[in-house]
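The values are calculated or read from the model by the stated rules, or taken from the named source; none is laboratory data. Because the structure is predicted, anything quoted here is derived from the model rather than measured. With ideal geometry, Cβ positions are generated from the backbone for all residues, glycine too; neighbour counts draw on all protein chains shown. Heads up: the accessible areas ignore ligands, DNA and RNA and are worked out on the full protein's heavy atoms, side chains in. Shrake-Rupley method; radii C 1.70, N 1.55, O 1.52, S 1.80 Å.
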Amino acid sequence: MKFRGRAWRYGSDIDTDRIIPARYLNTSDPAELATHCMEDEDGEFAKKVKKGDIILAARNFGCGSSREHAPIAIKASGVSCVIAESFARIFFRNSFNMGLPIVESPEAHAASRDGDILEVDMNKGLIRNLTNKKTFSARPVPPFMQELLKSGGLLKSIQKKKRG
Amino acid sequence: MSSMTITEKILAKHAGKKYLEPGELINARVDIALGNDITAPIAIKGFESTGAKKVFNRNRVVLVPDHFTPNKDIKSAMQVKILRDFARKHRLSHYYEGGDVGVEHALLPELGVVVPGDLVIGADSHTCTYGGLGAFATGVGSTDLAAAMITGELWFKVPQSIKFIFHGKLRKWVTGKDLILHIIGEIGVDGALYKAMEFTGDTITGLTMESRLSMCNMAIEAGAKNGIIAPDSVTEQYVKTRAERKYKFYESDAGAKYSEIIDFDTSKIEPKVALPSLPDNTKNISEIGRISIDQSVIGSCTNGRIEDLAVAARILKGRKVAPYVRLIILPATPLIYKEALRRGYFKVFTDAGAIISPPTCGPCLGGHMGILAEGERAISTTNRNFVGRMGHPKSEVYLSNPAVAAASAVKGYIAHPDEVMKKKAA
């Protein structure tokens, strides 16, 4: 899997209320959620984000509530992948379970600017900043999670097991 | 046999193993799988997408529509309808609505639906509350909930544990809420990321069940997978008349391994306030100066239990909420509501000028029943003070214990309870 897009750069501890405020959680429609994605952090994001763009955050991205609406809103907004120094654990689980590619990288955030063009090679575990020509390593995805991704998420893997 | 922590023991038992270590990936049996009106609709959709016909056990799948209820609008009503239809179709024995519903993490321990030794997963991040009973309980997402509803199992990575030891006596007005705010202030909102937080020491042994539950409730605010307190006589007293199933007490072995052990002198801890916009931005109440408020909220899965209402009543008795301040009190469950009524708290609260809400999560997440306008400021006994958490993105939330929230409502600014109580005595 390879992704290329503009980086939307944010800081540490971006909580799920900033990714998708609770006032919009009376729906679970992905398209509707996407129109409010990142609203309380960056009012411009939902209007300007393009298909394939990448969210680039510092530490503890997705902390707070367990709402799967957060990765759903991000995915439905067209974002191809989220890169962060670290992820909060429920957000991490949810992203794998519902199929939003996420990558941990200790260096990419500090060495990139908002608006840079990034390229992520999930298989090689590499992130390239095409704007400043720097390359960063991504933390390898644990084998168990890779299996989960390969089978198309948690529910698909359960279906497979049931049939098998 | 090598030593294990209480968290490792509960996970081992549910994975059918004699021993396990942090980092191990396991598939474990789930005792209770919980969802609410925000998370369950997505789980139910996932459940149905797999073609599953039955839940793994109709007595162990619990649905509690408590967030936007009583239904705040048509969309919320449609979400709850999905839960109700599912509960009816699968004949779930634990579905709570109308006059039966309470804030899920106050409701389930109170009704004995979750018991010590359980492995509980909930599509709600504050599921970690049940660690106060000596259960392993952790928040997950909707897809995880769907998987558990189908199979009765879920995958886990065994977490490392951090041991927090509290020695000494609690100061006046200091509760479990202040202890957990103190910890989060020390270690940060990702200070226990992916880890188990185990609370021990003579202070913890002396805590009421209410305080234990509110402490474990906020383990997630340090990024933890779970918070846990070893069950003891206080636990036994609480669960023996409530538990609807057999329960088991686990405790950590003397030689159990911890990634960190942190000691606190409880007698040095004063009431804490978490300033906007993260729960780790905590200060001693004596250090914050005069901060005016527009609203005070007493309730939630953190602090909406009878002990919390009792301390609020003590402070509000014979006093008035300050002009232009709204005080909203939310008894967390129907039983707490009735008990508060029986004890005469409703008269105290209404005489003081407070609003009494039906049990709901409502204002805690800026859902309904008390939303903040632009530029407004609230003190709240809830668990999160994120940007826009209780309303407008330019409103502010300060977190505290119920005594501080009640005293602040009276003064109109964030106040130490002694400020209010001393005045009357003088």
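Which value at 222 nm does chain B reach when only helices count, each DSSP H run of 4 or more adding -39,500 (n - 2.57), with the total divided by all residues and rounded to the nearest 500 deg cm²/dmol? Result for chain B: -9000 deg cm²/dmol, rounded to the nearest 500.
Inter-chain neighbour count for B:187-195: the average number of beta-carbon atoms from partner chains within 10 Å of each residue's beta-carbon is 4.
For chain A, the solvent-accessible area of protein heavy atoms averages 40 Å² per residue (probe radius 1.4 Å; ligands and nucleic acids excluded). For the pair region A:100-128 and region B:45-111, the centres of their Cα atoms are 40 angstrom apart.
Taking every residue in B:361-373, how many Cβ atoms of other protein chains lie within 10 Å of its Cβ, on average? Walk me through the intermediate numbers first.
Values: counts 1, 0, 0, 1, 8, 6, 4, 2, 0, 0, 1, 0, 0.
Whole-number average of other-chain Cβ neighbours for B:361-373 is 2.
Across region B:248-295, Cα-Cα distances exceeding 13 Å account for 75% of all pairs. Each 5 Å bin, from zero up to the one with the longest distance, holds this percent of the alpha carbon pairs of region B:99-153: 5, 20, 29, 24, 18, 5, 0.
The radius of gyration of the Cα set in region A:24-88, together with its Dmax, comes out at 11.3, 31 angstrom. Placing unit charges on each Cβ (+1 for Lys and Arg, -1 for Asp and Glu) gives the protein assembly as shown a dipole about its Cα centre, and among B:211, B:239, B:258 the Cα reaching farthest toward its positive end belongs to B:239.
Where the eigenvalues come from the Cα gyration tensor of region A:7-164, what are the semi-axes √(5λ) of the equivalent ellipsoid, largest first, in whole Å? Spell out each step's value before the answer.
Working: eigenvalues 109, 91, 34 Å².
Listed largest to smallest, the semi-axes of region A:7-164 are 23, 21, 13 Å.
Quick one, what does Rg over Rh come out to for region B:29-96 if you take C-alpha atoms and the Kirkwood Rh? Mind showing how you got there, number by number?
Numbers: Rg = 11.6 Å, Rh = 12.1 Å.
Rounded to two decimals, Rg/Rh equals 0.96.
Placing unit charges on C-beta atoms (Lys and Arg positive, Asp and Glu negative, everything else neutral), compute the dipole magnitude of region A:47-164 about its Cα centre in debye, rounded to 20.
Details: 21 positive and 10 negative charges, 107 e Å.
Dipole magnitude for region A:47-164 comes out near 520 debye.
Averaged over peptide A:49-61, the number of partner chain Cβ atoms lying within 10 Å of each residue's Cβ comes to 1.
The distance from the alpha carbon centre of region A:1-30 to that of region B:215-263 is 33 Å, rounded to a whole number.
Say R0 is 51 Å: what FRET efficiency, to the nearest 0.05, do residue B:320 and residue B:248 get from their beta-carbon distance? All intermediate terms of the calculation are to be shown ahead of the outcome.
Details: r = 49 Å, r/R0 = 0.96.
About 0.55, to the nearest 0.05.
Comparing the full protein assembly with the isolated chain (1.4 Å probe, heavy atoms, ligands and nucleic acids excluded), the residues of region B:377-400 losing at least 50 square angstrom of accessible area are B:386, B:387. Full extension of the chain between residue A:162 and residue A:131 yields a length gain of 6.5 nm, computed as 0.36 nm times the residue separation minus the alpha carbon distance. In the context of the full set of protein chains, chain B has a per residue accessible area of 35 Å² (1.4 Å probe).
Might you report the magnitude of the Cβ-based charge dipole of region B:313-426 about its Cα centre, with Lys and Arg at +1 and Asp and Glu at -1, to the nearest 20 debye?
Numbers: 17 positive and 7 negative charges, 89 e Å.
Computed charge dipole of region B:313-426: roughly 420 debye.
Comparing B:134, B:223, B:16 in a Gaussian network model of chain B, where Cα atoms under 10 Å apart are tied by springs, the biggest mean-square fluctuation is seen for B:16.
For residue B:17 and residue B:89, a Förster radius of 35 Å and the Cβ-Cβ distance give a FRET efficiency of 0.50, rounded to the nearest 0.05.
Kirkwood Rh, Cα Rg: Rg to Rh for region B:6-264?
With Rg and the Kirkwood Rh in hand, the quotient comes to 0.97.
Work out the FRET efficiency for residue B:171 and residue A:50 from their Cβ-Cβ distance, taking R0 = 56 Å, and round it to the nearest 0.05. Don't skip to the end; give the middle numbers.
On the way: r = 55 Å, r/R0 = 0.98.
E between residue B:171 and residue A:50, to the nearest 0.05, is 0.55.
Per-peptide packing, taken as the mean over residues of other Cβ atoms within 10 Å, places B:245-251, A:117-123 in the sequence A:117-123, B:245-251 from highest down. Going from the isolated chain to the complete set of protein chains, region B:145-159 loses at least 10 Å² of heavy-atom accessible area (1.4 Å probe) at B:147, B:150, B:151, B:155. With the convex hull drawn around the C-alpha atoms of region B:147-299, the volume per residue stands at 166 Å³. Using only alpha-carbon positions in the protein assembly as shown, the gyration tensor eigenvalues give semi-axes of 36, 28, 24 Å once each is multiplied by 5 and square-rooted (largest first). Can you give the net charge of the other residues whose Cβ lies under 12 Å from the Cβ of residue B:292, counting K and R as +1 and D and E as -1? After counting each charged neighbour, the total is 0.
Assigning unit charges at the beta carbon (Lys, Arg +1; Asp, Glu -1) and nothing else, what dipole magnitude in debye, to the nearest 20, does region B:275-328 show about its Cα centre?
Values: 8 positive and 5 negative charges, 70 e Å.
About 340 debye.
Considering only A:73, A:138, A:31, the mean-square fluctuation computed in a Gaussian network model of chain A, springs between alpha carbons under 10 angstrom, is largest for A:31. Packing here is the average count of other Cβ atoms within 10 Å per residue, and on that basis the peptides A:54-66, A:7-19, highest first, run A:54-66, A:7-19. Note on residue A:150 and residue B:186: the model spin-label points, each 7 Å out from Cα along the C-beta direction, lie 4.4 nm apart. Interface size, chains A and B: roughly 3700 Å² of accessible area buried, both sides included, 1.4 Å probe, rounded to the nearest 100. Here, P(r) means the percent of Cα pairs in each 10 Å bin from 0 to the largest distance; for region B:1-125 it is 12, 39, 30, 15, 4, 0.
For the peptides B:139-151, B:50-62, the ranking by mean Cβ contacts within 10 Å, running from highest to lowest, is B:139-151, B:50-62. Considering only B:369, B:354, B:324, the residue lying farthest towards the positive end of the dipole of region B:272-421 is B:354, judged by Cα position with unit charges set on Cβ.
Taking label positions 7 Å along the Cα-Cβ direction at both residue B:286 and residue B:54, the computed distance is 6.3 nm, reported to one decimal.
A Gaussian network model of chain B, with springs between Cα atoms under 10 Å, assigns the largest mean-square fluctuation among B:215, B:78, B:390 to B:78. Rg then Dmax, both in Å and based on the Cα atoms of region B:124-203: 15.2, 48. Size descriptors for region B:272-421, from the alpha-carbon set: Rg then Dmax equal 13.7, 39 Å.
With contacts taken as Cα pairs under 8 Å at a separation of at least 6 residues, chain B carries a relative contact order of 17 percent. Electrostatic bookkeeping for residue B:187 treats Lys and Arg as +1 and Asp and Glu as -1; over the other residues with beta carbon under 12 Å from its beta carbon, the sum is -4.
Projecting the Cα atoms of B:34, B:152, B:22 onto the charge dipole of region B:6-264, computed from C-beta unit charges around the Cα centre, puts B:152 farthest toward the positive end.
Can you pick out the pairs among A:160/B:17; A:150/B:246; A:51/A:124; A:161/B:17; A:134/A:160; B:53/B:195 whose Cα atoms lie more than 30 Å from each other?
Working: A:160/B:17 25 Å; A:150/B:246 40 Å; A:51/A:124 22 Å; A:161/B:17 22 Å; A:134/A:160 41 Å; B:53/B:195 35 Å.
Pairs exceeding the cut-off: A:150/B:246; A:134/A:160; B:53/B:195.
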